[in-house]
Amino acid sequence: MNQKIRVGIIGAGAIARDVHIPNYLKLGNKVEIIAVTDIVKEKALELADQYNIKYVFEDFQTMFNEVELDAISVCTPNKFHFDAVMAALKAGCHVLCEKPPAMNVSEAEQMERASNKAGKILSYGLCYRYTAEVQTLKRMINAGELGEIYAARVHALRRRGIPGWGVFTNKELQGGGALIDLGVHMLDTALYLMDYPEPDIVFGVTYKNLGTKKGVGMFGEWDWENFSVEDMARVMITLKNGASIILETSFAANIKSHEEMSVALMGDKGGADVFPLQIYEEKHDALFDGVPSFLPPRDKFEEQFKTFINNCLNNSNVSNKTDGVTLQKIINGVYESASKGAPIKLT
């Protein structure tokens with residue numbers, strides 16, 4: 001492996017422009033962004049011009065045929081994750097793919113197997129696990145300070161936060177709405193802190209009550225006439241170790257907060273809220289609440305990309321690809337449960 005990772009970008013949208021490329025550039029001489037591809041070549045050309053990227057393509061297979069690359073960022077709509085990831089792994093590249101893994105469990109499992117076969121890293125953009133709050137709490141949990149964690153409450157809620165750009169409201173291209181785009185972040189955070197226990201049963205309901213009507217958009221005006229995803233989901237998840245998670249997520253709901261991203265954990269020795277970090281304990285015949293007076297600042301995106309590139313440089317296969325399969329099982333289980341109006345047992 002070269003000491004400078006040669007990166008290609010698949011998908012020239014906002015996530016590539018505003019997150020992936022800027023955070024690669026923060027890594028200085030560890031990274032060189034070589035190429036960008038998008039089916040809309042004008043978008044790729046615009047991005048290449050903005051960041052002085054040498055090669056521009058309309059399809060990723062031509063890029064793999066013509067340019068030697070070490071790593072790929074997949075920044076496409078969810079529907080196209082699978083093909084892009086599989087092609088990148090076949091071309092011998094490490095992959096950082098935006099969340100969620102794919103459109104269904106089979107795709108996520110095939111991607112994991114392809115990564116293992118190729119001996120290449122496959123990581124997903126589950127960035128909240130890189131925050132200072134989560135990393136601090138993870139160390140406390142590993143030290144046994146919360147004991148056995150048997151319950152979690154997860155909120156990923158927006159009052160009127162339907163994206164007014166991109167394809168986030170298009171079920172055919174995204175697979176879903178608030179759950180698959182927003183809720184997945186806090187669900188991953190909870191599962192990560194709980195050491196990713198295997199899920200057992202999910203029971204979910206989804207709603208499409210506000211997104212299909214014109215209204216006030218805090219993220220711009222959305223295409224309410226073609227809104228085809230859920231604007232809210234409520235979920236109960238049981239895990240095979242006996243623990244459980246309650247999840248609420250929304251693009252739009254009549255609630256007080258403009259946005260709430262939170263995880264609460266309950267263990268038999270202590271509990272915690274993650275954002276902001278607070279600890280709840282019983283000791284010395286009293287109940288105590290604890291907060292850190294200082295957390296070293298960590299930019300979650302910067303840490304995510306630094307970890308990915310360092311793993312590439314070290315040729316380490318450490319990644320969250322197996323966690324991604326578990327997430328995909330839960331997400332698709334929720335949508336199946338909502339459509340059938342019944343709990344779904346995950347195998």
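The values are calculated or read from the model by the stated rules, or taken from the named source; none is laboratory data. Just so we're clear, the structure is a prediction, and the values are computed from it rather than from any experiment. Note that each Cβ is placed from the backbone with ideal geometry, even for glycine, and that neighbours are counted across all protein chains shown. Calculation scope for accessible area: heavy atoms of the full protein, side chains included, ligands and nucleic acids excluded. Shrake-Rupley method; radii C 1.70, N 1.55, O 1.52, S 1.80 Å.
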Accessible area of region 90-151 divided out per residue, in Å², using a probe of 1.4 angstrom: 38 Å²
Indicate the gyration tensor shape class of region 1-95 (rounded, prolate or oblate), computed on the Cα atoms with a ≥ b ≥ c the square roots of the eigenvalues: a/c under 1.5 is rounded; otherwise a/b larger than b/c is prolate and the rest oblate. rounded
Treating only Lys and Arg (+1) and Asp and Glu (-1) as charged, each at its beta carbon, one finds that the chain has a dipole about its Cα centre, in Debye to the nearest 20, of 180 debye
Based on the mean of other beta carbon atoms within 10 Å per residue, what is the order of 85-95, 148-158, most packed first? 85-95, 148-158
Highest mean packing first, using Cβ neighbours within 10 angstrom, the peptides 233-243, 213-223 sort as 233-243, 213-223
Take K117 and K214, extend 7 Å from each Cα along the Cα→Cβ direction, and tell me the distance between the two endpoints in nm. 5.2 nm
Taking the highest mean first, how do the peptides 260-268, 49-57 order by number of other beta carbon atoms within 10 angstrom per residue? 260-268, 49-57
